[in-house]
1. Exactly one condition in (1) modelled with pLDDT under 95; (2) over 28 Å from the mean Cα position of the chain (by Cα) is not met by Ala168; state its number.
2. Just need a number here: residues in the range 57-80 that are touching a strand residue (DSSP E or B) at 6+ places or on another chain (Cβ under 7 Å) and either more than 24 Å from Lys93 (Cα to Cα) or surrounded by 12 or more Cβ atoms within 10 Å (Cβ to Cβ) (or both).
3. Output the residues belonging to the range 281-294 that are touching a strand residue (DSSP E or B) at 6+ places or on another chain (Cβ under 9 Å) and not in a helix (DSSP H, G or I).
4. Of all residues being touching a residue at least 60 places away in the same chain (Cβ under 8 Å) and open to solvent by 10 Å² or more (accessible area, probe 1.4 Å) in the range 307-316, which is farthest from Ala204 (Cα to Cα)? Just the residue, please.
5. Any idea how many residues of the range 259-280 are of a type in the set (A, V, I, L, M, F, W, C), in a helix (DSSP H, G or I) and surrounded by fewer than 19 Cβ atoms within 10 Å (Cβ to Cβ)?
6. Being open to solvent by 40 Å² or more (accessible area, probe 1.4 Å), among the aliphatic types (A, V, I, L, M) and part of a helix (DSSP H, G or I) is the filter here, so list the residues in the range 81-134 that pass it.
Amino acid sequence: MIEDKLSRVRSIIKNKGAAALILTNPSNMGYLLGYEDGVLAYVDDSTIKVIAPLLDWERARELVNDKADVVAYSGYKLPIEGNVIWGSDELTKVITSWIKPGTSVLIDDSSRQFIRKALDAANAKLIDASTDILEIRAVKTPDEVELIKGAISITLKVLKELYNMRIAGMRERDLAAYIYHGLISHGGDEVAFNPIVGSGPNGAKPHHMHSDRRIGVNETVVIDIGARYRLYCSDLTRTLVTGSLEGKLKDAYNAVVEASRKAISIVKPGVKASDVDAAARGVIAEYGFAWGFIHSLGHGVGVEVHERPSIGPNSNDVLREGNVITIEPGIYIKDVGGVRVENMVLVTESGAEVLTRDEYAYV
């Protein structure tokens, strides 16, 4: 998987007229190497070097798996043998020794002072490449899509269990605990984010997490969950109903389902992300709930839950083949409840491939 990513990274280095790239953002290191806890990763036209904390050196070598040279670093001297970088001054000297004097070097975080110090020592020019890295991360390789599907599969297994449970009477907290356990036991390395369980009036708060409230009858329960699998994330929302719905909540549910279908139907390469948002927002407005859709329609997903492209009213992004995005229209009625359906979609040459199909995907 690294070959495709490395080719993209090295094309940025070449196009920017630089000699090397230094990554310090954990997500960017994870994207490229599958290891996100290093001090930095250094890439030029022929080498990849990773500096990892001494206590994590063995794990780093296992995860990188001969894709890069891994060097250990400790902030203080210890009475052990081995090739270890000791202290910040030696760290700066090592980084400086890798840089060709007088060249330009791309970095993904210009706030890192120890990188600036090394570049100054090498008389090298700093070029901020943070946006460029996010752009290449936005288009997934086939291997990345498979890892995302792995995270989705884990999440759908947990949701299927929830569908078969009697959740009325449970505390939101207890349901959240069940979700945590399920995401790990079904193969997730960790949760992608803290799960949301919003029942009744709590469902009208899009980022409500969970509480001691007991789930009632004839109300909606907004459940937003995701797994992290080999660094890649899933992000799904389903709105369960404990009984039957009437009035505004029923209309809101129908509006969200129709809005989701409409937005997914226009997804394809070359479409403005803002137009996808507008398609969903138009449906919700026709139902009379324009005031209740209070967030953007979606976002990209990858090694982070929120990546490019942004799917919102003010987005300047244009969909590209290989984007993995969420489509998550929602309506929130204060003191009553909320409705949100979130699916993950792969942008293909011919349109949208919904990756999160189940009985409540409504696609």
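1. Unmet condition: (1).
2. 12
3. Tyr287, Phe289, Phe293, Ile294 - these are the residues of the range 281-294 that are touching a strand residue (DSSP E or B) at 6+ places or on another chain (Cβ under 9 Å) and not in a helix (DSSP H, G or I).
4. Among those residues, the one meeting the criterion is Arg308.
5. 1
6. Hits for the range 81-134 are Ala121, Leu134.
Residue by residue, here is whether (1) within 25 Å of Gly82 (Cβ to Cβ); (2) surrounded by 17 or more Cβ atoms within 10 Å (Cβ to Cβ); (3) not aliphatic (A, V, I, L, M) holds:
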position: Asn15; (1), (2), (3): no, no, yes
position: Asn25; (1), (2), (3): no, yes, yes
position: Gly30; (1), (2), (3): no, yes, yes
position: Thr47; (1), (2), (3): yes, no, yes
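Listed here are the residues, each with its yes/no results for (1) open to solvent by 10 Å² or more (accessible area, probe 1.4 Å); (2) touching a Leu at 6+ places or on another chain (Cβ under 8 Å); (3) within 19 Å of Thr220 (Cβ to Cβ).
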| site | (1), (2), (3) |
| --- | --- |
| Val257 | yes, no, yes |
| Gly282 | yes, no, no |
| Ala285 | yes, no, no |
| Gly288 | yes, no, yes |
| Ile325 | no, yes, no |
| Pro329 | no, yes, yes |
| Tyr332 | yes, no, yes |
| Glu342 | no, yes, yes |
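The values are calculated or read from the model by the stated rules, or taken from the named source; none is laboratory data. Just so it is clear, the model here is predicted, and its values are computed rather than measured. Note: ideal-geometry Cβ built from the backbone for every residue, glycine included; neighbour counts use all protein chains shown. Accessible surface is based on the protein model in full, side chains and every heavy atom, while ligands, DNA and RNA are left aside. Shrake-Rupley method; radii C 1.70, N 1.55, O 1.52, S 1.80 Å.
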